[in-house]
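Single-structure report; data block below.
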Amino acid sequence: MNNSIEFLSGNEALAQGAWEAGLKVACAYPGTPSSEILETLSTYKEVDSQWSVNEKVAFEVALAGAIGGARSLYASKHVGLNVAMDPLMTSAYTGINAGFVIVTADDPEIHSSQNEQDNRYVAKFAKIPLLEPSSPEEAKRFIKEAFDISEKFDIPVLFRMTTRISHSKQDVAVSEREEIANKKFEINIPKYVMVPKNAYKRHIDLEKRIRLLKDFSNETDLNKIEIGESNIGIITDSVSYLYVKETFPEASVLKLGMCYPFPDKLVQEFAKKVKELFVIEELEPFIEEEVKILGLKPKVKHDTFKIGELKPEYIPYIIRQEEKPVSKLAPARKPSLCKGCPHEQVFLALKKYDPVVTGDIGCYTLGALPPLEMLHSCVCMGASITFMEGIQKAIGQKVIAVIGDSTFVHTGVAGLINAAYNKAKGVVIIMDNSTTAMTGSQPHPATGVTIKGEETKKLVLEDLCKACGADNVDVINPHKREELEKIMEKRINEDKLSVIITRFPCILVAKKGMYKTEDSEKEKNK
Amino acid sequence: MNKNKIYNILFCGIGGQGVLKASEICGIAAIKDGFNAKKSEIHGMSQRGGSVESHLRFGKEIYSPIIPEGDVDYLVPFYKDEHDRMAFLLKKEGVDLLNWLEKAENEIKDKYLINTYMLGALSRYLPISEESWLYAIENVFNKFIDKNKEIFLIARS
């Protein structure tokens, strides 16, 4: 491991770099393409790592770790960061103490998400600096800089990965960890208690920090000009840089590793050096807007390129100012529920009643695909029970919500409390496969196992549902179809708020023996 | 051999066939021999039976982690339908290993060893030392290492 070369993914390289930079606290909720960051960090004994209940919780624990004085990191997918927006927006005001890095792994092309929002805008919205590596090698190098910038300017740093960078691998030089002493935590009410009077002053301070960061952005070598032989000059960031280098190695390039605060002077200097100025970026026109604000008139991509990933073969189309070509690739094979998946049994049982089913995010979302087509909504984590309540109000007929065990703990609980409190009726099915299956089988509070595989307090879902105010809570093995259908029949026809927990371990967890749960043990001993 | 040549290999199949593992082994073997290498993949839901493709590029200096369209030198299929989807990406003078897949399916009883067999076949075309291939196999597989080495060498020679 000592200064050797390893074949690392972007997520692994980021984790390695953060560890080398003296990281002490790391929190996340799993989500593709970000999950491997915490999975890798959990293997280092020096890092206090955790799967948190959800992203808001993860963000707050990590932010407070940094305020307390230890270098800390939060990681999630792009939509996960939405859940953490509340603490994120104010963390720019409070600032940090020891370095704090917020990792967002965006998903251009929507490989495994519900949208393809471009989180570069989050940096501008929240007024925090944005760093973007283009490769695993840069992810490792830039994450160290991110901690330094965070401490130098007393501000959280947004670190943006994308699926392509998170999940591609390359040879990366690894080195030793640098131990960084904790910073002293001092009580500082004006800085850390964001009541109006203090927050107003912190906003003034934040604007000062952002001005200093703008100067830094113009000077740092995270942003660099590479002069080539042609008249074309391309401003680019993230993985788009590599596609530009691949297809136009002779072009002059301004590679932005730090897009916000925007390096205005550097961009103007670059624009003077080239005859024809282009902006090439994936998804939204983030850089384009900033360049145009400066009064420059770059050539930019056609609107059709706002959708989906960029690819090296698209770059000539952008240069020629053409639309995005239609892919010649035939449609990919769709994923489906695994053979023997316990979720399938529940959908097959539901089919008998032909109900409206509000869904959530997890493997069971695949229940929307033919031939099942037994899931009729999916918007975000935790939106199944709340959708059940809302749709019922409009259509006046009983709706069924399905949600996974991990998703229920993440943000489903509040929906159930709300339904009980507001006298809603309906049937909530918690498809409990005792893991976070879709993202690669991570444990969660109801498994009684931590990220490090240690036993811990186990959240008992049936007790929790009763405490939330459910009228009935049934627990049943979904493979016992007759019993399941009998219970469903009964609960659907009652005027009550019922929870049915269909409990059977995910076959992938049982197969791999990734961690033991009571049920997977029982299953094995059968 | 052209020292500046970049080798572009496309592995394709479906979830559970070891597509990503094969690509990983090739990448580790290439960097062991001092090349730069980049591998790209899409996973997430692939475990659940969807299409899986992995791009592996190695050479002196690699920029893009994905192979530009039409630049595939070696197409390594693990599943016939996926091969047919991807075949148009192969260069005119590229090498299609479909015949090796047919051979593997006839000769290898254990379907979990087909990826290793295909790697052995691929290794015939690449400037990577046998030592590095075997090193990579040892590092990526956590069980049946000897069996995998054996199958690799059968296909290689």
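The values are calculated or read from the model by the stated rules, or taken from the named source; none is laboratory data. Just so it is clear, the structure is predicted and the values come from calculations on it, not from any experiment. Neighbour counts are summed over all protein chains in view; Cβ atoms, including those assigned to glycine, are modelled from backbone coordinates with ideal geometry.
Would you check if there is a residue in the stretch B:99-111 being among the polar types (S, T, N, Q), in contact (Cβ under 8 Å) with a residue 60 or more places away in the chain and more than 9 Å from chain A (Cβ to nearest Cβ)?
Our first condition is that a residue be among the polar types (S, T, N, Q); within the stretch B:99-111, this holds for B:99, B:106.
Among the residues that remain, those that are also in contact (Cβ under 8 Å) with a residue 60 or more places away in the chain are: none.
There is no residue in the stretch B:99-111 that is among the polar types (S, T, N, Q), in contact (Cβ under 8 Å) with a residue 60 or more places away in the chain and more than 9 Å from chain A (Cβ to nearest Cβ).
How many residues does the stretch A:236-265 contain that are under 18 Å from A:Leu294 (Cα atoms) and surrounded by fewer than 20 Cβ atoms within 10 Å (Cβ to Cβ)?
The qualifying residues number 2.
Hey, could you check the stretch A:325-337 for residues that are of a type in the set (D, E, K, R) and closer than 20 Å to B:His55 by Cβ and say which is nearest to the other protein chains (Cβ to nearest Cβ)?
As a first pass, look at the stretch A:325-337 and keep what is of a type in the set (D, E, K, R): A:328, A:333-334.
Retained after the next criterion (residues that are closer than 20 Å to B:His55 by Cβ): A:328, A:333.
On the way: A:Lys328: 6, A:Arg333: 4 Å.
Going through the qualifying residues, I end up with A:Arg333.
Would it be correct to say that A:Leu14 is in a helix (DSSP H, G or I) and under 21 Å from A:Thr163 (Cα atoms)? Full working, then the answer.
Working: in a helix (DSSP H, G or I): yes; under 21 Å from A:Thr163 (Cα atoms): yes.
Yes; evaluated as a whole, the condition is true for this residue.
Would you confirm whether or not the stretch A:161-170 contains a residue that is more than 28 Å from the chain's Cα centre (by Cα) and at negative phi? Can you show your working first?
Looking only at the stretch A:161-170, we keep the residues that are more than 28 Å from the chain's Cα centre (by Cα), and these are none.
No; the residues of the stretch A:161-170 include none that is more than 28 Å from the chain's Cα centre (by Cα) and at negative phi.
Could you say which residue among A:Tyr192, A:Tyr200 is without any contact (Cβ under 8 Å) to a residue 24 or more places away in the chain and within 27 Å of A:Pro261 (Cα to Cα)? So that I can check it myself, show each step before the final result.
Numbers: A:Tyr192 fails: without any contact (Cβ under 8 Å) to a residue 24 or more places away in the chain.
Exactly one residue qualifies, and that residue is A:Tyr200.
(1) touching a helix residue (DSSP H, G or I) at 6+ places or on another chain (Cβ under 6 Å); (2) basic (Lys, Arg); (3) crowded, with 24+ Cβ neighbours inside 10 Å: which one isn't true of A:Lys77, the others all being true?
(1)
Going by the conditions given, is A:Ile165 closer than 27 Å to A:Val79 by Cα, more than 14 Å from chain B (Cβ to nearest Cβ) and not in a loop (DSSP other than H, G, I, E, B)? It would help to see each step written out before you state the result.
Details: closer than 27 Å to A:Val79 by Cα: yes; more than 14 Å from chain B (Cβ to nearest Cβ): no; not in a loop (DSSP other than H, G, I, E, B): yes.
Considered against the rule, which asks whether it is closer than 27 Å to A:Val79 by Cα, more than 14 Å from chain B (Cβ to nearest Cβ) and not in a loop (DSSP other than H, G, I, E, B), A:Ile165 comes out as no.
Do we find that A:Ala139 is among the small types (Gly, Ala, Ser), under 16 Å from A:Val25 (Cα atoms) and in the same structural domain as A:Gln114 (by TED's automatic domain parsing) in this structure? Walk me through it before giving the result.
On the way: among the small types (Gly, Ala, Ser): yes; under 16 Å from A:Val25 (Cα atoms): no; in the same structural domain as A:Gln114 (by TED's automatic domain parsing): yes.
Spelling it out, it is not the case that A:Ala139 is among the small types (Gly, Ala, Ser), under 16 Å from A:Val25 (Cα atoms) and in the same structural domain as A:Gln114 (by TED's automatic domain parsing).
Across the stretch B:141-155, what is the total count of residues that are within 25 Å of A:Glu6 (Cβ to Cβ) and either surrounded by 20 or more Cβ atoms within 10 Å (Cβ to Cβ) or touching a Gly at 6+ places or on another chain (Cβ under 7 Å) (or both)? Can you show your working first?
First, the residues of the stretch B:141-155 that are within 25 Å of A:Glu6 (Cβ to Cβ): B:141-146, B:148-149, B:152.
Cutting the leftovers down to either surrounded by 20 or more Cβ atoms within 10 Å (Cβ to Cβ) or touching a Gly at 6+ places or on another chain (Cβ under 7 Å) (or both) gives us B:148, B:152.
Adding up the residues that qualify gives 2.
Mind listing whichever residues of the stretch A:446-463 are out of contact with any Asp or Glu (no Cβ under 9 Å at 6 or more places or on another chain) and among the polar types (S, T, N, Q)?
A:Thr450, A:Thr456
Within the stretch A:4-16, identify whether any single residue is more than 20 Å from A:Lys144 (Cα to Cα) and surrounded by fewer than 21 Cβ atoms within 10 Å (Cβ to Cβ), and answer yes or no.
no
From the list A:Lys301, A:Lys334, A:Lys324, which one is of a type outside the set (Phe, Trp, Tyr), part of a loop (DSSP other than H, G, I, E, B) and in contact (Cβ under 8 Å) with a residue 24 or more places away in the chain?
Details: A:Lys301 fails: in contact (Cβ under 8 Å) with a residue 24 or more places away in the chain; A:Lys324 fails: in contact (Cβ under 8 Å) with a residue 24 or more places away in the chain.
It is A:Lys334.
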